[in-house]
Amino acid sequence: MAIQMVDLNNSQQLETLICSIDEYLKTAVKNKRYEHSKRTAETAEEMCRIYGLNPRIGYLAGIAHDMCKEISSEEMRKLVSLDGMPVSELEDNKPDLLHGRAAAVLIKQKFGVEDSDVIEAIACHTFAAPGLCDLGKILFAADKIEPGRPQSTEEYRAALFNKNITEMTYSILQENIEYLERKGHSVAAASFELLEQLKKALQEK
C-alpha cells in the first residue's frame, strides 16, 4: 500500500506525524536513546524558535533523528542503499554512522515525509555537510548540546543561542571535531568542509 505524503504545513498532519514517530521510537530504541531523542527534539524546537524556523518541524526532525540507531547493520545498509549516495570508507568501517541516513530514508518510506530540509537534516546530523540547510545546522547542534550532554549547562546553551546561526554552528562543529580528535576518532571530510565554509562566511562579514 502506498504511503500518503504528509503536508508539514498542515499543523494537524504535522502533530499526528510527530505522535506516530514518537510511538514508533518507543518500540525501536532503548529508553535511554528515547529520552535523548526527546531532549534533542525539545532543544531543536527551542532553537527553531530563536532562529526563525517552524519550531514543530524542528521537534519532528529531533524526535526522528536516531530512530534507526539500534537496527542491525544489515538493515541500515539496506535503507541507505536507497538514498543514492555512496557510502564513505569511514561509514563502511563503522556502519553505525549510517543511522542518520537510514532514518532519512525511513521517514520518507514509512511516514510519508518528503520535505527536503527535514530529510537533509536527519541524514546529515552525525557529520554535518557543506551547504547544510538551517534546519540541518540546528539539528546537528541540538544533538550535540541537548541538556543530557555533560557540558550543556543552561549558561552554555544561552551563550551559544546569543550567536547567529553561522557562529553557533561553527562553534559547536569546531568543539565536536576537537572532541573526536582528542578521543582518537576519525573525523568525516564533510565536517571539515562545513567548518571551512562557515569560517569563510564569518570572515566575510
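The values are calculated or read from the model by the stated rules, or taken from the named source; none is laboratory data. The shown structure was predicted, so the numbers you read here are calculated from the model rather than taken from an experiment. With ideal geometry, Cβ positions are generated from the backbone for all residues, glycine too; neighbour counts draw on all protein chains shown. Heavy atoms of the whole protein, side chains included, go into the accessibility calculation; ligands, DNA and RNA do not. Shrake-Rupley method; radii C 1.70, N 1.55, O 1.52, S 1.80 Å.
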Residues being among the small types (Gly, Ala, Ser) and either open to solvent by 70 Å² or more (accessible area, probe 1.4 Å) or not in a helix (DSSP H, G or I) (or both) - total across the range 148-164 = 2
Only residues in the range 123-142 that are open to solvent by 20 Å² or more (accessible area, probe 1.4 Å) count as the first member; pair them with residues that are at pLDDT 95 or above and hydroxyl-bearing (Ser, Thr, Tyr), Cβ under 7 angstrom, at least 6 apart or cross-chain, and list the lot.
-> Phe127/Ser191; Asp134/Tyr51; Lys137/Thr169
Close pairs from the range 178-205: first free of Cβ contacts under 8 Å to residues at least 24 places away in the same chain, partner of a type in the set (D, E, K, R), Cβ under 7 Å, at least 6 apart = Val187/Glu181
Would the range 165-178 turn up any residue that is assigned to a helix (DSSP H, G or I), under 22 Å from Asp92 (Cα atoms) and open to solvent by less than 50 Å² (accessible area, probe 1.4 Å)?
-> yes
Sole miss for Leu25 among (1) part of a helix (DSSP H, G or I); (2) on the phi > 0 side of the Ramachandran plot; (3) of a type outside the set (Lys, Arg) is condition (2)
May I ask you to verify whether Arg33 is open to solvent by 50 Å² or more (accessible area, probe 1.4 Å), farther than 27 Å from Leu180 by Cα and part of a helix (DSSP H, G or I)?
-> no
Helices (runs of 4 or more DSSP H) enclosed by the range 45-118 - at least 2 residues per element that are open to solvent by 50 Å² or more (accessible area, probe 1.4 Å) | 73-80, 89-93, 99-109
